[in-house]
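Participant: Supplied in structure tokens, the structure appears directly below.
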Amino acid sequence: MSKRISKVNELLKREIITCIERNFEFPDLLVTIHAVDTAPNLKSAKVYVGIIGEKSVYGDVISKLNRKRGFIQSEMMKRVILRNTPQLTFIFDDSIERGVRVMNLLDELDSE
């Protein structure tokens, strides 16, 4: 990945987080953005979302974010000037939870 794309990813991540914090409410949930993966041509970006809370509503959160992506893109692009506005796709990312489970398993093995 080029240095430029890496910087764009971090910038988009920061602005998406700000937009979600200001404009969306998810009661009893913690919604975080783990990473943004922008295509080299800047036409699309995958946004990896972490959710902590009731598992039954994870799909609803991702659906809501994908339905409101036009709004999120427009808010984000008021603050970020790029030649192309990437079309955002929100994807659930459970990598943090998997990592915690692995660490707990390793701790259990170590205590035996």
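The values are calculated or read from the model by the stated rules, or taken from the named source; none is laboratory data. Since this is a predicted model, take the numbers as computed values, not measurements. In this analysis, Cβ positions are derived from the backbone assuming ideal geometry, glycine residues included, and neighbour counts consider all displayed protein chains. Areas reflect the complete protein model, heavy atoms only, side chains present, ligands, DNA and RNA absent. Shrake-Rupley method; radii C 1.70, N 1.55, O 1.52, S 1.80 Å.
Participant: If you take the C-alpha gyration tensor of region 34-112, multiply each eigenvalue by 5 and take the square root, what semi-axes do you get, largest first, in whole Å? Each step should come with its number before you reach the end.
Facilitator: Numbers: eigenvalues 222, 49, 15 Å².
Whole-Å semi-axes of the equivalent ellipsoid: 33, 16, 9.
Participant: Considering only Pro40, Thr18, Gly50, whose Cα is most displaced toward the positive end of the charge dipole of region 4-83, charges sitting on Cβ of Lys, Arg (+1) and Asp, Glu (-1)?
Facilitator: Going by the charge dipole, the pick is Pro40.
Participant: Moving on. Peptides 52-62, 9-19, 31-41: what's the order by average Cβ count within 10 Å, highest mean first?
Facilitator: 9-19, 31-41, 52-62
Participant: Positive end of the charge dipole of region 66-112 (Lys, Arg +1 and Asp, Glu -1 on Cβ, about the Cα centre): tell me which of Ile91, Met77, Ser111 has its Cα farthest that way.
Facilitator: Farthest towards the positive pole: Met77.
Participant: Among DSSP bridges having both ends in the chain, what percentage is antiparallel? Round to the nearest 5.
Facilitator: Percentage antiparallel, nearest 5: 55.
Participant: Same structure again: Multiplying the sequence separation of Ser6 and Arg79 by 0.36 nm and subtracting their Cα-Cα distance, what value in nm do you get?
Facilitator: Between Ser6 and Arg79, full extension yields an extra 24.5 nm.
Participant: Determine ³J(HN,Hα), in whole Hz, for all residues of region 92-109 in sequence, where each value follows from phi through the Karplus function 6.51 cos²θ - 1.76 cosθ + 1.60 and θ = phi - 60°; x replaces Gly and Pro.
Facilitator: Result, rounded to whole Hz: 5, 10, 9, 4, 5, 4, 4, x, 5, 4, 4, 4, 5, 5, 5, 5, 5, 5.
Participant: Dipole size in debye (nearest 20) for the chain around its Cα centre, Lys and Arg Cβ +1, Asp and Glu Cβ -1?
Facilitator: 1180
Participant: For region 31-85, which whole percent of the accessible surface, found with a 1.4 angstrom probe, sits on carbon and sulfur atoms?
Facilitator: In region 31-85, the share of accessible area belonging to carbon and sulfur is 50 percent.
Participant: Quote the accessible area belonging to Leu109 in square angstrom, nearest 10, computed with a 1.4 Å probe and with ligands, DNA and RNA left uncounted.
Facilitator: Here the residue's solvent-accessible area equals roughly 120 Å².
Participant: With the crude spin-label approximation of a point 7 Å out along Cα→Cβ, what separation in nm comes out for Leu42 versus Thr18?
Facilitator: Using points 7 Å along Cα→Cβ, the separation is 1.7 nm.
Participant: With a 1.4 Å probe and all protein chains left in place, how much accessible area per residue does the chain have, in Å²?
Facilitator: I get 66 Å² per residue for this part.
Participant: Given the pairs Lys13/Lys68; Lys46/Lys68; Lys7/Lys46; Lys7/Lys43; Lys13/Lys55, which are separated by over 18 angstrom at their Cα positions?
Facilitator: Values: Lys13/Lys68 16 Å; Lys46/Lys68 15 Å; Lys7/Lys46 15 Å; Lys7/Lys43 16 Å; Lys13/Lys55 23 Å.
Violating the 18 Å limit, Cα to Cα: Lys13/Lys55.
Participant: In addition: For Asp94, list long-range residues whose amide hydrogen, built 1.01 Å from N in the peptide plane, is under 5 Å from its own amide hydrogen.
Facilitator: For Asp94, whose amide H was placed from the backbone, there are no distant partners under 5 Å.
Participant: Would you mind calculating the relative contact order of the chain from Cα pairs under 8 angstrom and at least 6 residues apart, reporting the percent as a whole number?
Facilitator: Working: 127 pairs, mean separation 30.9, N = 112.
Normalised by residue count, the contact order of the chain is 28 percent.
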